[in-house]
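Below is one structure, written out as structure tokens; the observations come after it.
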Amino acid sequence: MWNSVGKVVIVLGLCLTIGFSWGCMGSSVYRMWYRDQWSKDEEVRPSLYTRLDELAALRSRASKMTEAEQQQTAENLGQALKEDSTPLYRAQVVRTLAELSVPAASDALRVALQDADSQVRVEACAAWGRRGTDDAVGVLAEVLAKDSDLDVRIAAARQLENYRQPEVVPALGVALDDANPALQHRAIQTLRAVTGKDFGNNVAAWQQFVRTGELHAAEPPSLAERLRELF
């Protein structure tokens, strides 16, 4: 009886040991195959992660590039925007273009605002918010008035906060006239930052200010309005 049980135990032990060994070997073989496949894929075309790392490297040295280097880089990235099928990559291309000050970068960022993916367009709004060029307000105002995606329009309204120019006020009036409360609220926040005025969350008061340029202070925001601002 003991001999039979002992044999069973020994056989089971051997099976477990062999199974574990094969499992480890199989895992190791799989890792080797994966690395080999990765290398082969890299030979055909750099992987997404490799290309993202390349963009990060470009951003880190953008300020050290000569104007000619920036121009060539911007042209290459502009072409990538048109040809690459991955929205994540195109969004990171836009982030990289934002670090370049040459005209070709502005041209590419205009193209980015027409991208099929809304997140790429949101990233483009952020780039224009940092641009600081004379045409940035007009570009963002057009996005705010015409883009079909709410998140993109909100992004444009937010980025207009970076510009203390008279043209910002009428541009935000378009958002105030929209029926969406989130867009109205964002427009009010930007108007408050740009003008230094505070009419609380009174949309009608802000609309009147945008239309008439009225400088007289409106009634102070009610307690309820101030509580809404906090939450």
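The values are calculated or read from the model by the stated rules, or taken from the named source; none is laboratory data. Only a predicted model underlies this, so the values are computations on that prediction, with no experimental measurement involved. Note that we place each Cβ from the backbone using ideal geometry, even for glycine, and neighbour counts take in every protein chain shown. Side chains included, ligands, DNA and RNA excluded: accessible areas come from the protein's heavy atoms. Shrake-Rupley method; radii C 1.70, N 1.55, O 1.52, S 1.80 Å.
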Quiz item: Glu75 is checked against (1) touching a residue at least 24 places away in the same chain (Cβ under 8 Å); (2) open to solvent by less than 70 Å² (accessible area, probe 1.4 Å) and fails just one. What number does that condition carry?
Solution: (2)
Exercise. Among the numbered conditions (1) part of a loop (DSSP other than H, G, I, E, B); (2) closer than 22 Å to Val139 by Cα; (3) open to solvent by 60 Å² or more (accessible area, probe 1.4 Å), tell me where Ala179 comes up short.
Key: (2)
Practice problem: Please state which of the following conditions Val194 fails to meet, knowing it meets all the rest: (1) open to solvent by less than 40 Å² (accessible area, probe 1.4 Å); (2) modelled with pLDDT of 95 or more. | Solution: (2)
Quiz item: Any idea how many residues of region 85-134 are within 11 Å of the chain's Cα centre (by Cα), charged (D, E, K, R) and open to solvent by 40 Å² or more (accessible area, probe 1.4 Å)?
Solution: 3
Exercise. Out of Leu97, Leu113, report the one residue that is in contact with a Leu (Cβ under 7 Å, 6 or more places away or on another chain), on the phi < 0 side of the Ramachandran plot and modelled with pLDDT of 95 or more.
Key: Leu97
